[in-house]
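Taking it in order: structure first as structure tokens, then the write-up.
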Amino acid sequence: MQKSPWHAHYDPAVPPTLDFPALTVVDVLQRAVRDYPNKACTIFQGAPLSYKEVDQLSDRMAAGLANLGVRKGQRVGLFTPNTPQFVIAYFAILKLGAVVVATDPLYTPRELEYQVNDAGVELMVVMTNNYAKVKEVQPRTRIRQVIATNIKEYLPPVKKLLFGLLKEKKAGFHVELRDNDVWMQDLIAAHTPGQRPQVTVEPDDTALLQYSGGTTGRSKGVVAVHRGLVANTAQIDAWNHEGEQGNEMVLLAIPMYHAYGMVVGMLYGMWKGGSLVMIPDPRNVGDVLANIQKYKATTFPGVPAMYNAINNHPDVKAGKYNLSSIRFCISGSAPLLRETKERFEVLTGGHLLEGYGLSETPVATHCNPLTGVNKTGSIGMPLPGVDCRIVSLQDGVTVLKQGEIGELVIKGPQVMRGYHNLPTETMDVLKEGWLYTGDIASMDAEGYFYLIDRKKELVKVGGYQVWPREVEEVLQQHAAVREVGAAGVPDAESGEAIHAWVVLHESETASADELRAWCKQHLAAYKVPKGFTFIDKLPRTNVGKLLRRELVRMHSMPEHQEQAAQ
């Protein structure tokens, strides 16, 4: 690879590129089984499963899936939160050469129906509290059988008993199976590891259909191959050059159905022979804190909102938790504010690094260095083996100079093979090996990259170009503002206008006039929001990305327009 400006600013222990191994995702598990057979692979609410147990359970489930007709290349859905069942089913599917389609457990039936139909899912592994959703959409899909699992199945004995007595029915986990559906535990119990078919799985076989977050429209299925997922895992390992083989405790609060949690959390943890401390509901900050302290978590991938919630938790402020075990955190999906980073690093003594990635590069491509300079507002430098350019927004070809703003394009071993069943959309973003991200960015002289905004979210106010993110960054600096989202809305005078949705700190007040005056001090007049709406919570995806299209939809509602006009 040609020497790039960022290589000179890597931490000394990080090489500019790597000899990426020709391995499958299954090989990542098998290496850990070989080296750490009796070490805890998963820890769920206090109950561990060793690497050897996970390997054998996934072998037995693979045998069961084969008996149900699963063959190489077939798509199998996973509709579960972060639990041992996710890990067991995930590797059972891949051991057959089948393709994982992991779906957000919070999806509505409409969202679920679209995704399973687009992917062609025929079998679905589902947590029982979502069983009714799957049965509702099943007649309109190709799903021929459902494999159900209850969250209590891998709880410690006492918690399992109490959950069954006190919460199972109330929380919607008690179900009676219908049709020809089967229990995951029965499927595992009915087979031995030796009955698993020996299917040849190659590094270039499809491992995953990862659906993009759909922040700017309907989600698309990203085709990810084994080789690419393994390459990205190796890149994360190289970047965290202080990681200790066999000694990492990875706190998995970021959802594993998304490639972020799957690669930076699950696969990285296995690559290191570490333990995965699983959090099924990341909104339960108390559970997150308790697990960090109990298991002395060392690695904690997350999103800014998650770190901010820990910073502001009353028990953390009161000094009730010891978070000093944490050493390595990558923050993605949304901008990381300086105060969030600095406060979290003071609390833990660890490193909180802003990074960047896409579903189309499952998952990470950039990160600030572990021990080198972290630049506020920067997504950092490309990871080893990743090449990047900023190209002209006009022709999409001309490579721009340092500091100039254009589209970020990426080339690297983790880049997707394309979008599932969308050849035109694939050709639009993959050109001569380069992925056109749709993100507007710039690069400084030292090879650090800065995101400006999404190309599709550019707002044209009376012919002037406005990036919503720039407006958000200014408003975020106001003392009363906790969170803010900005987007373009229809406007009779200028065609489009900037509108801001603001979440205030609990103890603070601010008016639209006050915030407008603040913006006028820091922004050109055409960039100042024309309207403001005060809300309790911003709409985000499960991995923390702001849903600007949802803000725009909200704006069209009569009650929203009434408030905005006040």
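The values are calculated or read from the model by the stated rules, or taken from the named source; none is laboratory data. Small disclaimer: the values here were computed from a predicted structure and weren't measured. Using ideal geometry, Cβ is built from the backbone for each residue, glycine included, and neighbour counts are taken over all protein chains shown. SASA here: full protein model, heavy atoms, side chains in, ligands and nucleic acids out. Shrake-Rupley method; radii C 1.70, N 1.55, O 1.52, S 1.80 Å.
The table below lists the values:
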quantity	calculated
Region 492-505 - phi-based ³J(HN,Hα) in whole Hz, Karplus 6.51/-1.76/1.60, Gly and Pro as x	5, 7, 10, x, 9, 9, 7, 10, 10, 10, 10, 10, 8, 4
Protein-only accessible surface order, largest first, of E244, E496 at 1.4 Å	E244, E496
Burial ranking of peptide ranges 544-554, 417-427, 291-301 (average Cβ count within 10 Å, highest at the top)	291-301, 544-554, 417-427
Anisotropy class of region 481-530 from Cα gyration tensor, a/c 1.5 cut	prolate
Inter-label distance, nm, simple model (7 Å from Cα along the C-beta direction), T17/R553	4.4
Listed peptides 55-66, 345-356 by packing density, highest first (mean Cβ within 10 Å)	55-66, 345-356
Residues of type aspartates and glutamates that K460 reaches as a straight line, Cα spacing below 20 Å, ignoring anything fewer than 8 places off in the same chain	D395, E404, E407, D439, E470, E472, E473, D491, E493, E496, E550
For the chain, calculated [θ]222 nm from helices alone, where every DSSP H run of n ≥ 4 adds -39500 (n - 2.57)	-8500 deg cm²/dmol
Residue-by-residue Karplus 3J(HN,Hα) for region 382-391, coefficients 6.51, -1.76, 1.60, Hz, glycine and proline x	x, 5, x, x, 9, 10, 9, 9, 10, 10
Sequence-distant residues sharing a close amide H with M256 (under 5 Å, placed H)	N82
Under-5 Å amide H pairs with K545, H placed in peptide plane, nonlocal only	none
Cα gyration tensor shape for region 258-384, rounded if a/c is under 1.5, else prolate or oblate	oblate
Within-13-Å neighbourhood charge of K160 [Cβ basis; K, R +1; D, E -1]	+1
Among [x] 39, 29, 22; [y] 38, 27, 25; [z] 46, 26, 20, the entry that matches semi-axes √(5λ) of the Cα gyration tensor in Å as calculated here	[y]
For region 86-103, Karplus couplings with θ = phi - 60° (6.51, -1.76, 1.60), whole Hz, Gly/Pro x	4, 5, 4, 5, 4, 6, 4, 5, 5, 5, 8, x, 7, 10, 7, 10, 8, 10
Reachable aspartates and glutamates, given that their alpha-carbon falls under 12 Å from the alpha-carbon of K272 and they are not under 8 places away in the same chain	D35, D237, E242, E244, E248
Too-long pairs where the Cα-Cα distance tops 31 Å, listed order kept, from K159/K320; K52/K296; K317/K527	K317/K527
Local net charge near V429, Cβ-Cβ under 10 Å (Lys/Arg +1, Asp/Glu -1)	-1
Prolate/oblate/rounded label for region 329-387 (Cα gyration tensor, a/c 1.5)	prolate
Inter-label distance for A517 and I535, nm, one decimal - labels placed 7 Å from Cα along Cα-to-Cβ	2.7
